[in-house]
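The values are calculated or read from the model by the stated rules, or taken from the named source; none is laboratory data. Note that this is a predicted model, so its numbers are computed, not measured. Cβ atoms come from the backbone with ideal geometry, glycine included; neighbour counts cover every protein chain shown. Calculation scope for accessible area: heavy atoms of the full protein, side chains included, ligands and nucleic acids excluded. Shrake-Rupley method; radii C 1.70, N 1.55, O 1.52, S 1.80 Å.
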There are 2 protein chains.
Amino acid sequence: MTSMTLDDCRALDAQDPLHSLREQFLLPEGVIYLDGNSLGVLPKAAPARIAAAVTKQWGDGLIRSWNSAGWFDLPQRLGDKVARLIGAAPGEVVCTDSTSINLYKVLFAALSAMQASGRRVVVSERSNFPTDLYIAQSLCRERGFTLRLVDAPDELPAALTAEVAVLMLTHVNYRTGAMHDMAALTKAAHDAGALAVWDLAHSAGAVPVALNACDADFAIGCGYKYLNGGPGAPAFVWAHTRHAGQFEQPLSGWWGHAAPFEFTPEYRPAPGVARYLCGTQPILSLTALECGLDTVLAADAFGGMAALRTKSLALTDAFIALVEQRCAGRFTLVTPRAHAQRGSQVCLSLADKSSGAYAIVQALIARGVIGDFRAGDAQMPDILRFGFTPLYLGFVDVWNAVEHLVQVLEGGEWQRAEFNRRSSVT
Amino acid sequence: MTSMTLDDCRALDAQDPLHSLREQFLLPEGVIYLDGNSLGVLPKAAPARIAAAVTKQWGDGLIRSWNSAGWFDLPQRLGDKVARLIGAAPGEVVCTDSTSINLYKVLFAALSAMQASGRRVVVSERSNFPTDLYIAQSLCRERGFTLRLVDAPDELPAALTAEVAVLMLTHVNYRTGAMHDMAALTKAAHDAGALAVWDLAHSAGAVPVALNACDADFAIGCGYKYLNGGPGAPAFVWAHTRHAGQFEQPLSGWWGHAAPFEFTPEYRPAPGVARYLCGTQPILSLTALECGLDTVLAADAFGGMAALRTKSLALTDAFIALVEQRCAGRFTLVTPRAHAQRGSQVCLSLADKSSGAYAIVQALIARGVIGDFRAGDAQMPDILRFGFTPLYLGFVDVWNAVEHLVQVLEGGEWQRAEFNRRSSVT
């Protein structure tokens, strides 16, 4: 394979049909941002729209804005926008609360749906995002279920025994960037008599998702990563229409009531997914989330999620190729090489298993190349994690990021940083 | 009693030691805002501070702002500010999620605390805010408890039988403005062997609250009413230190973990009230909430909550007096006349029990006098609800509001509005 050059990257940017989408964002000067999988970049439209929500809607409209500014419709209106990105239909998604809380709701509903089956096991992965496991532990304990964790994805099919009620997975692993085959695993769960609950935190806006086509049962996801909704943006929740109106979730607040303004003392759940709403939602943060959703939907004019996926894979391919070409032997690729198993991030560990990953990430951040570090343990190495958001990253960004990485390694900056780190903790 | 005049109101404003606090707010031109019990007014400081959070913290700082802008500390930092307003100590309160969700957490913890007692009844009022009842219904059903509702506050002591595990009350009634004696009812609950859970939605920032002095067990409250935190602002949660580290709540997300950045697969709750945090919080809405909290804490320089309470009672006294003086016989006072039983709002019903309350409220809103309407039922009349926030309302505002009310009644505007309403629904 011939080496990739800076000119190649320039040519790829020049040919990139999505290049203009970058103009939607306010990227800080001098930053190459490879952490959109943790917090997406500020959309250019957001400051003015948030300011209008503050001064016009809150300041001038006051309580009248619940109707006049459409605050009551926000969870559904934004939900319809999310639906377009995850293979769901209008009316099937609401934006609300946090990912953890939404998982509690749908997992509770899923366990309720399976109550009569007598099945009492929830299957997930030990490497799932910890908060998902915490919520599952809590619900399993309360409801008399057992949480069964597998150590590797290939153990999942065998784990789907006749005792299993729910398969609960995160579609793209937060740490490794490995992506599950949602269609195949949902089918395997169904074939085994179980339901499939999906966390799309690292999928929505990053990879094509087809919830209805995969016949998934429930899904939740995050607003502030690839959806660019701002820090702590509200999350979203989806339930297949066969479940949405069937099961109640226990966070039965006024906004999920069938007639929220009748103020009746008895709870009566709204039809459909609106019953997954609970209390009053943070309007300013929802306003920011809509700006973020619009940046992803703007890709529709250029091929939508399919086009974003094509570019995302080209970006991560280029990053992997350049790291292997220019830092040969220094890193082990943690993220799967196969496209079908890769999300929109690339994770590396140090090939020599030394402890410098943290220091390298810090040295890169000091240079404006923002990725992040995830500590390992006895089973997993420390990793350097780089997210690639095709909406605002180009191939020259990839080149420059690797150039900085090379300089960090060659210049010994990371060793100095590692020395400082060790000195500061001893 | 001599009549109150406009000059009297001017004189009261001139003597008001809190008058300058109004300068903290952006009140819309031509509006007399009597709905701060539903959504507080925009603080002057908020637009710039929110804009800075958007462009500097999110836009420029990006993921780095979790540390550099103190995002991680916001729930506790704001919680410490709320603590000063509700008679709690630093470290005892966190700002997070919604009031409904926080009630779920603390009521779950309270039921857990009482599990071993064998007591299986939760007592509340039928007139409690509906969402509180919905959450209690859900938890009681799940946990095998019964929700027992009383029709009138004076039935509460007798309802505290030996089966009662928890007394769950809203301190100030959202509809009538009637305020409970927190100290007496908490003591009655404890004497009966039960715990006391308080909803401070219409109390925090409106009336003095002394959670620790009253020896209450758990409390939650709302950020967007008298705390001026903006639409859907995050709520708060308090647990007495004797409970805070003892019981887990089931919404066990990463932010409530003892070591949230260790990413361990096993949940281990944080010590103290931090375990009542769950998922990632809406940072922009928390930023707005802090601006609101600061407007209330600014009263500390003038006597704090005690001074606000003195003015609040004077405002509601004046409103009651002027309505009775100038609209004699037209309204029945729903809110208790006794200061000890009154929150910071006044509710009226039509003395002739006719159906014009909605139309009168609409006619007032059309004139810029913003209160709100709450529909009645077989037990309760329709009401006109007027909230009085001493931070930004004066006595001339009260005069002018009543003047508008007189004109609405005399000019027949409300009858035309009522006619239009009936025509539009038939």
> If A:Q137 satisfies every condition in (1) polar (S, T, N, Q); (2) in contact (Cβ under 8 Å) with a residue 12 or more places away in the chain; (3) under 22 Å from B:T280 (Cβ atoms) but one, which is the exception?
Replying inline: (2)
> Out of all the residues in segment A:77-98, which are over 26 Å from B:W255 (Cβ atoms) and in contact with a strand residue (DSSP E or B) (Cβ under 6 Å, 6 or more places away or on another chain)?
Replying inline: A:A83, A:A88, A:E92
> Which number in (1) buried (at least 24 other Cβ atoms within 10 Å of the Cβ); (2) closer than 30 Å to A:L286 by Cα; (3) within 14 Å of another protein chain (Cβ to nearest Cβ) marks the one condition that B:F218 misses?
Replying inline: (3)
>> Which numbered condition in (1) in a helix (DSSP H, G or I); (2) in contact with an Asp or Glu (Cβ under 8 Å, 6 or more places away or on another chain); (3) more than 24 Å from B:G205 (Cα to Cα) is the only one that B:V408 fails?
In response: (2)
>> Taking the condition of being away from chain B (no Cβ under 14 Å) and either open to solvent by 40 Å² or more (accessible area, probe 1.4 Å) or free of Cβ contacts under 8 Å to residues at least 60 places away in the same chain (or both), how many residues in segment A:241-278 meet it?
In response: 5
> Across segment B:231-240, what is the total count of residues that are over 16 Å from B:L78 (Cα atoms) and within 14 Å of chain A (Cβ to nearest Cβ)?
Replying inline: 1
> Which residues, taken from segment B:30-46, are touching a Ser or Thr at 6+ places or on another chain (Cβ under 9 Å) and open to solvent by 20 Å² or more (accessible area, probe 1.4 Å)?
Replying inline: B:K44, B:A45
>> Take A:H171 and tell me if it is of a type outside the set (A, V, I, L, M), more than 14 Å from chain B (Cβ to nearest Cβ) and under 24 Å from the mean Cα position of the chain (by Cα).
In response: yes
>> Restricting to segment B:194-205, count the residues that are farther than 16 Å from B:A239 by Cα and in contact with a helix residue (DSSP H, G or I) (Cβ under 7 Å, 6 or more places away or on another chain).
In response: 1
> Within segment A:130-137, is even one residue more than 16 Å from the chain's Cα centre (by Cα) and either modelled with pLDDT under 95 or more than 9 Å from chain B (Cβ to nearest Cβ) (or both)?
Replying inline: yes
> Of all residues in segment A:68-121, which are within 18 Å of the chain's Cα centre (by Cα), more than 11 Å from chain B (Cβ to nearest Cβ), assigned to a loop (DSSP other than H, G, I, E, B) and at negative phi?
Replying inline: A:I86, A:A88
> Which of the residues that make up segment B:1-39 are part of a loop (DSSP other than H, G, I, E, B), in contact (Cβ under 8 Å) with a residue 60 or more places away in the chain and closer than 16 Å to B:E403 by Cβ?
Replying inline: B:S3, B:M4, B:G30, B:V31, B:L34
> Mind checking which residues of segment A:356-388 are modelled with pLDDT of 95 or more, in a loop (DSSP other than H, G, I, E, B) and within 10 Å of chain B (Cβ to nearest Cβ)?
Replying inline: A:G371
>> Just the residues that are more than 10 Å from every other protein chain (Cβ to nearest Cβ) and open to solvent by 10 Å² or more (accessible area, probe 1.4 Å), please, taken from segment A:279-298.
In response: A:E290, A:D294, A:L297, A:A298
> Within the group B:A307, B:A301, which residue is more than 14 Å from chain A (Cβ to nearest Cβ), crowded, with 18+ Cβ neighbours inside 10 Å and farther than 23 Å from A:W58 by Cβ?
Replying inline: B:A307
> How about segment B:40-67: which of its residues are outside any loop (DSSP other than H, G, I, E, B) and hydrophobic (A, V, I, L, M, F, W, C)?
Replying inline: B:A46, B:A48, B:I50, B:A51, B:A52, B:A53, B:V54, B:W58, B:L62, B:I63, B:W66
>> If I go through segment A:234-278 residue by residue, how many of them are β-branched (V, I, T) and under 16 Å from B:Y134 (Cα atoms)?
In response: 1
> part of a loop (DSSP other than H, G, I, E, B), open to solvent by less than 20 Å² (accessible area, probe 1.4 Å) and over 29 Å from A:E410 (Cα atoms) - does that describe any residue in segment A:335-355?
Replying inline: yes
>> Out of everything in segment A:50-62 that is buried (at least 22 other Cβ atoms within 10 Å of the Cβ) and free of Cβ contacts under 8 Å to residues at least 40 places away in the same chain, what residue ends up being nearest to the other protein chains (Cβ to nearest Cβ)?
In response: A:G59
>> Could you check segment B:320-339 and list, in sequence order, the residues that are free of Cβ contacts under 8 Å to residues at least 40 places away in the same chain and either among the aliphatic types (A, V, I, L, M) or more than 18 Å from B:T310 (Cβ to Cβ) (or both)?
In response: B:I320, B:E324, B:A328, B:G329, B:L333, B:A338
> Considering only residues of segment A:310-319 that are open to solvent by 10 Å² or more (accessible area, probe 1.4 Å) and of a type outside the set (D, E, K, R), which is farthest from the other protein chains (Cβ to nearest Cβ)?
Replying inline: A:T310
>> Condition check: outside any helix (DSSP H, G or I), more than 30 Å from A:M380 (Cβ to Cβ) and touching a strand residue (DSSP E or B) at 6+ places or on another chain (Cβ under 6 Å). Does B:G223 satisfy that?
In response: yes
> Do we find that B:G205 is open to solvent by less than 10 Å² (accessible area, probe 1.4 Å) and within 14 Å of chain A (Cβ to nearest Cβ) in this structure?
Replying inline: no
>> Let me spell it out: the conditions are (1) among the hydrophobic types (A, V, I, L, M, F, W, C); (2) modelled with pLDDT of 95 or more; (3) open to solvent by 10 Å² or more (accessible area, probe 1.4 Å), and B:A235 meets all of them except one. Which number is the exception?
In response: (3)
> Yes or no: A:S124 closer than 27 Å to B:T96 by Cα, surrounded by 21 or more Cβ atoms within 10 Å (Cβ to Cβ), within 13 Å of another protein chain (Cβ to nearest Cβ) and within 18 Å of the chain's Cα centre (by Cα)?
Replying inline: no
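To keep it simple, each residue is scored yes or no on (1) among the charged types (D, E, K, R); (2) open to solvent by 10 Å² or more (accessible area, probe 1.4 Å); (3) modelled with pLDDT under 95.
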| position | (1), (2), (3) |
| --- | --- |
| B:D7 | yes, yes, no |
| B:A11 | no, yes, no |
| B:S20 | no, yes, no |
| B:P28 | no, yes, no |
| B:A48 | no, yes, no |
| B:S65 | no, no, no |
| B:S112 | no, yes, no |
